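In what follows, a single structure is set out as structure tokens and then discussed.
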Amino acid sequence: MYTQAEKVINYLSKGNTLTSKQAKSRFKIANLRARITELRQEGYKIGTTPVVFRDTGAHGVAYTLTKGRGRK
């Protein structure tokens, strides 16, 4: 069984981006920002890209693993 943070980093390490809406639907993660903070504290280089959700027009971010593809 993987932790929420492990699910996130495994998903991002495959070159995917992840928004909070996707994290809720795919992994049942209610607070993605907290998991991203944990991963950054562990040394992972995670970037953000602004997004606008088509269905609602709301603004948010998509998280990506940066070019280092791993820890610092």
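Residues of the stretch 13-52 being in a loop (DSSP other than H, G, I, E, B) and under 15 Å from T3 (Cβ atoms), which ones?
K28, I29, A30, N31, E42
Taking into account only those residues within the stretch 17-28 that are without any contact (Cβ under 8 Å) to a residue 40 or more places away in the chain and open to solvent by less than 60 Å² (accessible area, probe 1.4 Å), which is farthest from T48 (Cα to Cα)?
F27
Return yes when G68 is at pLDDT below 95, part of a strand (DSSP E or B) and not hydrophobic (A, V, I, L, M, F, W, C) and no when it is not.
Answer is no for this residue.
Using the structure shown, decide if F27 is among the aromatic types (F, W, Y) and at pLDDT 95 or above.
It is true that F27 is among the aromatic types (F, W, Y) and at pLDDT 95 or above.
The values are calculated or read from the model by the stated rules, or taken from the named source; none is laboratory data. Quantities reported herein were computed from a predicted structural model and do not represent experimental measurements. Positions of Cβ are backbone-derived with ideal geometry, glycine not excepted, and every protein chain shown enters the neighbour counts. Heavy atoms of the whole protein, side chains included, go into the accessibility calculation; ligands, DNA and RNA do not. Shrake-Rupley method; radii C 1.70, N 1.55, O 1.52, S 1.80 Å.
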